[in-house]
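The values are calculated or read from the model by the stated rules, or taken from the named source; none is laboratory data. Here the structure is a predicted model, which means the values were calculated and not measured. Neighbour counts run over all protein chains shown; Cβ positions are idealised from the backbone, glycine included.
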Amino acid sequence: MAQLTLDKLNKRYGEAAQVIKGIDLQVNSGEFVVIVGPSGCGKSTLLRMIAGLEDISGGDMYIDGVRVNDDTPSERGIGMVFQSYALYPHMNVYENMAFSLQLAKLPKDEIARRVEEAARILQLEPLLQRRPKDLSGGQRQRVAIGRAIAREPKLFLFDEPLSNLDAALRVQMRMEIAALHRRLKSTIIYVTHDQVEAMTLAQRIVVLNRGNVEQVGTPLELYDHPANEFVAQFIGSPKMNLMPATLVRAGEADSVVRLWSGKDLVVPIATPASAEGTKVKLGIRPEHIEWGSVAQAPNLADVLFVEHMGNETYHYLDSGKLGEPWVVRDSRRSDIAAGETVGYRLPPEHCHLFDESGKAFARRAAGNGASRIPGVDAPPITFAEPARTNALH
Amino acid sequence: MSHNSQTLPPSAAVAPAPAARAPGRKRSLQQRRARAAWLLVAPALILLFAVAGWPLLRTLFYSFTDAAMDTPEEYNFVGLANYLDFAEGDSFGVLADPLWWQAVGNTLWFTACSVSLELFFGMLLALLMNEKFRGQGVVRAAILVPWAIPTIVTAKMWGWMFHDQYGVVNDLLLRFGLIETPLAWIAEPTLSMWAVVIADVWKTVPFMALMLLAALQMIPSDLYEAARVDGANAWQRFRRITLPLIMPAMIVALIFRVMDALRVFDLIYVLTSNSEATISISGYAREQMISFQEMGVGSAASVLVFMMVAGIAACFLWINRFSHEGKEAKE
C-alpha cells in the first residue's frame, strides 16, 4: 500500500510529439483509481511511465513521498498486469509467479509461502504445474495477477487487463478484481478504454484525453457533474445528447436558454453575465428525456428507429440538420415505432450546459435528483481550466 | 460449385451405378486421400532415392570390396577388411590408419571450434540486429554477403589474405605491432587449422545470425517488460527469457552447422591443399578414392563419415526432443 503523487508529469517523443502534457495526480494509499480515455489518449503511456517502463521526460513522480523518477521498475516496488498477460511461456504457473522472488534471492520457503498464498487467493492451486499454453484466458489472467500479487508490491498497475477476454468472462473477472481490492486493500491504478469498467471498479476515475486530464472524480461525480463536453459524452452509454442553444439570460441561480427550436427553457444552472448572448450547448442524458403528448409537449421529433433491448428501449430521434440523432432511453418496453412523430420534454433539473469551448457551467441540481453522495459535500468540480484544477493535488 | 451443380443431375440419374459395382471396391474418403498423398509425395521420394539412397547403397556395397577407381566392375568381396583387418600381427584398413584418426581429430576440432565461435558471434550479431536502429535493413542485407560467396572463392580470398608475404592479415598484425615477423598462416601446421576456422566462421556467421534473429523476433517484447518489472537485469533477461525461448531454433541451427562442419572439404582442400595438419575425414575419403584410386577403402571411409555425421545429428535431435526447455518452446 502506497501513495502515488504525479507532479506535472510529461512525456515527449523527440521535439514535436508530446503525448503526456503535465499531469498532476495524487492516488491515496489503498485507493482504486481507474484511468480511462479513448485509444491514443496516452493512458497506457502514463501507466508505463508510472511502472518505469517509459522514461519520464519532465515532472516528478513520488511513491510514499520518495522521488522515483530514476528508479527501475523493480526498485519502484510495483506489480504490473499486462494486457497480453505476458506470461513466460517456458515456465509453469508456479515458476511464473516465483520468478521475481527468485531474482530477489528470497529464501526458498519464503518464495513457496508467497506463491502458495497468491495461488490460494486466486484459486490457482490446481494449476501450479501447468504451463500458460494449457490455461484458458481467464486462468492466464489470474496467473498474471498472481504474479503481481506474489511480489507484494506497493502499487498494482493494470493495463487493460480484461480486453482480451470475452464478455461474460470480463464481467466475472471485473468482480474478482473488485473483490481482490477489497481483500488486499492495495493501491491500484487501472487503465482501460471501457467506461463501464471504469464506472464499476473505480473509487475515483481519471478521464484522460490527448495527454491531458479532463476530470478526476468518483464515478457518480463524473456522471452527474461532467466538467466538460468530453467527459459528458465519454461517461455514460448511450452518450449524452447535445443540443445547440443560445444563452439569453444569465443568472446565479437560473439561466434561460433558447433552444434551436426557438423555445425558451429555464434551467437551474449558474452562468456568468459575461456569457449572456453566447452560443451554448444543452446536454441531457438519454434516460432523462421525457415523453409528452404530441399536442402538448414543447418539442416534436420524428423517430428514426427503435432498438429493443428487452430491459430497456432506445429511440433515435431525428435532429434534423443538427447532426447525430438524439437518443431517448426508456426503461420500459415501448410501443413507439420508427416513423412516428413524438412529443418530448427536457426536464430542466437534468440539463447540463456547456459554453462554446465545451466547459460546463455549474449545475445546481444533483444528478438524477437523488441525494448527494455521502461524504462528498463540497462541489467537487471547479470549472476554470479543467485539466489542472480538477486534478486532486 | 457451378461445375458441381451441373454434373449433379446426370450422376444422380445413374446413382445406382456405384452400388452395382462391387460394393467392396469403393474406397473410403480417407483411403483416397492417403492414395493422393502418396502420389504427390512419390516424385520427391523417387528423386531422393536416386540422388541420395542409391549412391549411399553403392558406397556401402563398394566398401566391402577391393574395387579400384578405374575398374569398378572388377571386384572381390573382402568383408570388413577395408574397415579393419588383422594379418600377420599387424592391423590394416581405415580404422587402423593413423591418418584417418588424425583426420577424425582434425574434423572434430574444426567442428567444435568453428561452430562454437559461430554460435557466439552469430548470437552477438543477432542480438544487435534485433535492436532498432537506423540502417537496420542495410545491415541485415549486407551481413548475408559472406554467406552468398561460393566456398571456393572464400577459400581463395582468405588464402590471399593469409599469404605470408602479401597478405593483409600479416600486414595488419605487423602494423599494430602484434607480431614481429610475418606468420606462415597456411604452411605452419599449428596455424593452418586456425586459418581454416577463421575463414569458415567468417563465412557462416551470417547463417547462424539470421537463424537466431528469426527466433529472437518471435519473442514478444512485453515478456521483456514483464521481466524488467520482475527485477531481471539484462543478463538475467537473456539467460532466463531469451535463451530458453530461442533454444529450439538454436538447436536446429546448430544441427545444420555441425553437419556441415563435419563434412567440410572444399574450404580445407583449397585453402591448405589438404595438408595432413588440416585434413578432414571427407578429405581423407577423397584422398583414398581419387588420389590412391582405392575405391574400396575410400568407400569404407565415406561410410564412416556418413555414420559419424548421422550419429551426431541423431544425438542432437534426441537432445532437442528430450531437453526440457526445447520441448516446451517447440510446442
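Observations on the structure shown:
- Region B:162-186 residues that are within 18 Å of B:Val270 (Cβ to Cβ), paired with ones that are acidic (Asp, Glu) (beta carbon under 6 Å, 6 or more apart): B:Ala184/B:Asp164
- Of the helices (runs of 4 or more DSSP H) that lie entirely inside region B:32-150, those containing 2 or more residues that are among the aromatic types (Phe, Trp, Tyr) and at pLDDT 85 or above span B:54-62, B:98-130.
Residue by residue, here is whether (1) part of a strand (DSSP E or B); (2) touching a helix residue (DSSP H, G or I) at 6+ places or on another chain (Cβ under 6 Å); (3) loosely packed, with under 11 Cβ neighbours inside 10 Å; (4) modelled with pLDDT of 90 or more holds:
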| residue | (1), (2), (3), (4) |
| --- | --- |
| A:Ala297 | no, no, no, no |
| A:Phe305 | yes, no, no, yes |
| A:His315 | yes, no, no, yes |
| A:Glu324 | no, no, yes, no |
| A:Val328 | yes, yes, no, yes |
| A:Asp335 | no, no, yes, no |
| A:Glu349 | no, no, no, yes |
| A:Ser357 | no, no, yes, yes |
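- Residues that are part of a helix (DSSP H, G or I), surrounded by fewer than 19 Cβ atoms within 10 Å (Cβ to Cβ) and under 31 Å from the mean Cα position of the chain (by Cα) within region A:265-289 comprise A:Ala275, A:Glu287, listed in sequence order.
- Restricting attention to region A:132-165, the residues being away from chain B (no Cβ under 12 Å), more than 19 Å from A:Arg114 (Cα to Cα) and over 20 Å from the mean Cα position of the chain (by Cα) number 4.
- Test: residue in region B:125-147 that is without any contact (Cβ under 8 Å) to a residue 60 or more places away in the chain and either crowded, with 16+ Cβ neighbours inside 10 Å or under 20 Å from the mean Cα position of the chain (by Cα) (or both): no
- So B:Met157, is it assigned to a helix (DSSP H, G or I), more than 22 Å from B:Ile268 (Cβ to Cβ) and under 23 Å from the mean Cα position of the chain (by Cα): no
- Criterion: in contact with a strand residue (DSSP E or B) (Cβ under 8 Å, 6 or more places away or on another chain) and within 14 Å of B:Tyr62 (Cβ to Cβ) - qualifying residue of B:Ala81, B:Ala96: B:Ala81
- Residue match in region A:290-313 (condition: within 29 Å of the chain's Cα centre (by Cα) and in contact (Cβ under 8 Å) with a residue 60 or more places away in the chain): no
- Among the residues of this structure, A:Val191 does not count as one that is away from every other protein chain (no Cβ under 14 Å), over 20 Å from A:Asn96 (Cα atoms) and in a helix (DSSP H, G or I).
- Strands (runs of 3 or more DSSP E) wholly inside region A:32-148 that include at least 3 residues being surrounded by fewer than 19 Cβ atoms within 10 Å (Cβ to Cβ): A:58-63
- Qualifying residue in region A:196-210 (condition: among the polar types (S, T, N, Q), over 26 Å from B:Gly231 (Cβ atoms), at pLDDT 90 or above and in contact with a Phe, Trp or Tyr (Cβ under 9 Å, 6 or more places away or on another chain)): yes
- Of all residues in region A:63-113 being basic (Lys, Arg) and within 13 Å of chain B (Cβ to nearest Cβ), the one that is farthest from B:Phe238 (Cα to Cα): A:Arg76
- Looking only at region B:212-236, residues that are within 10 Å of chain A (Cβ to nearest Cβ) and either in contact (Cβ under 8 Å) with a residue 24 or more places away in the chain or assigned to a helix (DSSP H, G or I) (or both) come to 11 in all.
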